[in-house]
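See below for the structure under consideration.
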Amino acid sequence: MSGRTTASVPADLQPPRSSPVRRRRPGWAPYLLLAPSVVYLVVFFVVPLLQGLRLAFTGEDGAWGLATVHELLNDPGFWSSVWNTLIMLAIILPVQLVLALAMSLLVNSKLRGSGFWFYVYMLPLGISELTSGIIWYSIFTQQGWLNSVLQDLGIISHPYIWLSYQHQLLIIATIVVAEAWRSTSIIVIILVGGLQAIPREYSEAADVFYASPWQKLWHVTLPLLRPTLRTALILRTVLAFEVFATVIALAGSSLSVLATKANNAYTQFQEPHLAAAYGILIMLLSLLSTALFLVLLPVRTE
Amino acid sequence: MFHRLISRRGVLRLGAAAAGGAAAAGLLSACGSGGGGSGSNSNLVFLSDQLSTTEETAAMRGKVLSGFKGGSVTFTAFSDTTQFIDQVVAHSKAGSGALDLIGGLQGDFVALDAQIPLRDMSDVINELKDRNFPQAYLDLAKIKGAYRFVPWITASYLMVANKKALTHLPSGADVNTLTYDQLLAWAQKMKQAQGQPLFGLPASPKGLIKRFFQGYAYPSFTGGLNTQFKSAAAVSMWQYFKQLWAVTNPQSPTYAFMQEPLLSGEVWVAWDHAVRLSDALKNQPDNFVVFPAPSGPKGLGYEPVLGGLAIPSSSKNVAKAKSLISYLTEQQVQSTMITEESWFPPVGDSALPKNLAPGVSAEAKAIVATTGATGAIASQLPIGLGAQSSAYDKVFVDTFTAIALNNAPIQSSLASEGATLQSVLQTAKAACWKPDPASTGVCQVG
């Protein structure tokens, strides 16, 4: 995961090949510097991962086996939660990508005040997922702000029930709106980084050939942004699999995704084994989607 | 470049200094905890999974516990029962003796008792004889033959209606003696007249709709619970419920506390736990009426809720924890609990304080009216389920989800969930509890 570019170090900063100073071996310093993050990863990622695997592949009696996997597949609402997760992902990814691209092009345009927009876009990053869910619930609920505005404008006569369990796609749409507001800025940060790393010469060369802004975007910027886009897509997909507070706030028990099933299994029904099995499934799907992006969007190494 | 700036020896020195510092800090903190941790402590640590909203916790600290003269109390409330139980178990297993008092519901203590040793509270109950705890509550406090907690707070589930809804009440119906058929007719009339469904139920994952089925719908329609789970009477109950659900606000799956949609006007008539309705009644006592749940063909099924206080065996402050329990069950403190927290004392009606605020007093009266109603069927809270309590609740949530939300056929849903229910009871080796007739072996799903 990174927004780093593949630009190489300029030649004048590289040490001369036949340097009279003998290169010293780095010694222990790099390992010591790496140690805190390695310890952090082991304690907070590797250990919980192993614990999760143990829970998912043991039954309530502690015996190893596939009992929990069987329970997972037969859990009421399992398949609908898989579908809901995939549908949500299929809508949210393109919506956020287009939005983030437009936003980062605006920030990068060097127009007057474009820096201001960067700070405005970053505001939702400071708000927790649950708080964002509650804010959007107060907008979409029957006596919420959206209906008040629509009624004041004379567009509707009665408050419309946006969050009705009878309209699953409408609930998904509200979740997409809430998520787009909350997390598009993460992609914007990555894309702005990528855009700023594209040397200006490419754009100037396109200008020489009288390329229109659209042609420049399509034939110059996007191909050069490809590695960054891939990173952003991978990150966003993995995070989208983990979204649950927004879904719980807006959908309650009307609709579930894999992450809400995992959360409910642990907190509401106190079934750590089942919750771990959901967690492992989410991890596998995240790995699978990452692999897909790596295969479908290959980046040429130069 | 880095290795040129800091030599290896330098880094090692830095590392040694850091390690030394950490060791020194560890020693210091060990001394600190050794000094304060041995023997009893003037500060009592009190954990609960009740009173967890910001206002409730603030009132508990500022108005209830502030009057305790036996030392300072650190009160922490968890909104999540699992977290609460995990914390109590972790504290107890760590053996630090840092946890002195636990406040939870009867079911929490059953779950805790299966994991950690809770102190036998018979001596405390004996010392507090003058509190006159009703025998029914004392029976509930007995887990595996010994009193594991002292009755502390009670509540029940009630109905609240906006006064605007009363104009749509079917002719001949009285809210205080409502039947389920009248409730359906009322909800249908409201929807017809107002153009939108105005009856609501707390059906979100944090809502208590499972208790609606366990303590209200099943006993009222079938006279039982587990032994009637898939009976013909249960099928007609679910058929009735589908009709009611059709005129229920379809946003109900997002409602956790019904006081909020009642106050916003999204819902005019609702059923919920007394505590989860109290904001509406306290803030706008003139706009709402509160009354008992309806009666069904078999009577008025209802579920009393009992919260208690327990001391973990690992506590090193037993004497002070006991004096805090004594303080919390004093009549004056209990009346603060009613006005500030909307929880009622576990005492008979005659011991209720007289000068209560209008909304709170109405709730207290509705609870008394429920227990005293003709044909009242009191459900015991699930007994003997232990670690299976959540799996038991899941059966009712899943049945509701299948039948009401996913429109699955009633009989086949009851058959498959009935099988799950039987395996839950079997795993817990639980005998039947009221309103089901007592059983000798494991309760059999019928």
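The values are calculated or read from the model by the stated rules, or taken from the named source; none is laboratory data. Note that the coordinates shown come from a computational prediction; the quantities given were computed from them, not determined experimentally. Don't worry about glycine lacking a Cβ; one is built from the backbone with ideal geometry, like all the others, and counts go over all protein chains shown. In case anyone asks, the SASA skips ligands and DNA or RNA and just uses the protein heavy atoms, side chains included. Shrake-Rupley method; radii C 1.70, N 1.55, O 1.52, S 1.80 Å.
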In debye to the nearest 20, the charge dipole size for the protein assembly as shown, taken about the Cα centre with +1 at each Lys and Arg Cβ and -1 at each Asp and Glu Cβ, equals 2500 debye
Of all trypsin sites (Lys or Arg not before Pro) in segment B:335-432, the ones in DSSP coil with at most 12 other Cβ atoms within 10 Å are B:LYS354
With every protein chain kept in place and a 1.4 Å probe, the protein assembly as shown has an accessible area per residue in Å² of 48 Å²
In debye to the nearest 20, the charge dipole size for chain A, taken about the Cα centre with +1 at each Lys and Arg Cβ and -1 at each Asp and Glu Cβ, equals 1420 debye
Accessible-area loss of at least 20 Å² in the complex relative to the chain alone (1.4 Å probe) applies, within segment B:172-208, to B:GLN196, B:PRO205
Quick calc: nm separation of the 7 Å Cα→Cβ label points for A:LEU34 and B:SER264 -> 5.2 nm
Chain B: antiparallel bridges as % of DSSP beta bridges, rounded to 5, reads 60 percent
When B and A pair up, the total accessible heavy-atom area removed from solvent (1.4 Å probe), in Å² to nearest 100, is 3000 Å²
Highest GNM mean-square fluctuation among B:LEU225, B:LEU138, B:LEU158, for chain B with Cα springs under 10 Å, belongs to B:LEU138
Contact order relative to length for chain A, counting C-alpha pairs under 8 Å separated by 6 or more residues, stands in percent at 28 percent
In a Gaussian network model of chain A with springs linking alpha carbons closer than 10 Å, the residue among A:TRP83, A:TRP214, A:TRP28 that fluctuates most is A:TRP28
For segment A:103-193, listing chymotrypsin sites (Phe, Trp or Tyr not before Pro) in a DSSP loop whose Cβ sees at most 14 other Cβ atoms within 10 Å gives none
Given pairs B:LYS230/B:LYS429; B:LYS322/B:LYS354; B:LYS63/B:LYS164; B:LYS63/B:LYS282; B:LYS163/B:LYS282 and cut-off 25 Å on Cα-Cα distance, the over-length ones are B:LYS322/B:LYS354; B:LYS63/B:LYS164
per DSSP, antiparallel bridges as share of beta bridges in the protein assembly as shown, % nearest 5, sits at 60 percent
Dividing the helical contributions, -39500 (n - 2.57) per DSSP H run of n ≥ 4, by the residues of chain A yields a 222 nm value, nearest 500 deg cm²/dmol, of -21000 deg cm²/dmol
Here the Cα Rg-to-2.2 N^0.38 Å ratio for the protein assembly as shown is 1.12
With A:LEU274 itself left out, Lys, Arg at +1 and Asp, Glu at -1 over residues whose Cβ is under 12 Å from its Cβ give -2
Once both label points are put 7 Å beyond Cα along the C-beta direction, the A:VAL220-A:LEU170 separation in nm becomes 4.7 nm
Within 10 Å of the Cβ of an average residue in B:248-260, the count of other chain Cβ atoms is 5
Dimensionless Rg/Rh of segment B:263-354, both radii on Cα and Rh by Kirkwood, sits at 1.07
With x for Gly and Pro, the residue-by-residue ³J(HN,Hα) of segment B:202-212, computed from phi through the Karplus equation 6.51 cos²θ - 1.76 cosθ + 1.60 at θ = phi - 60° and given in whole Hz, is x, 9, 6, x, 8, x, 10, 4, 4, 5, 4
Expressed as a percent, the accessible surface of the protein assembly as shown that is carbon or sulfur, using a 1.4 Å probe and the full set of protein chains, is 61 percent
Sorted largest first, the Cα spans of chain A on the principal axes come out in Å as 70, 63, 31
Rg (one decimal) and Dmax (whole number) from the Cα set of chain B, in Å, equal 25.3, 93
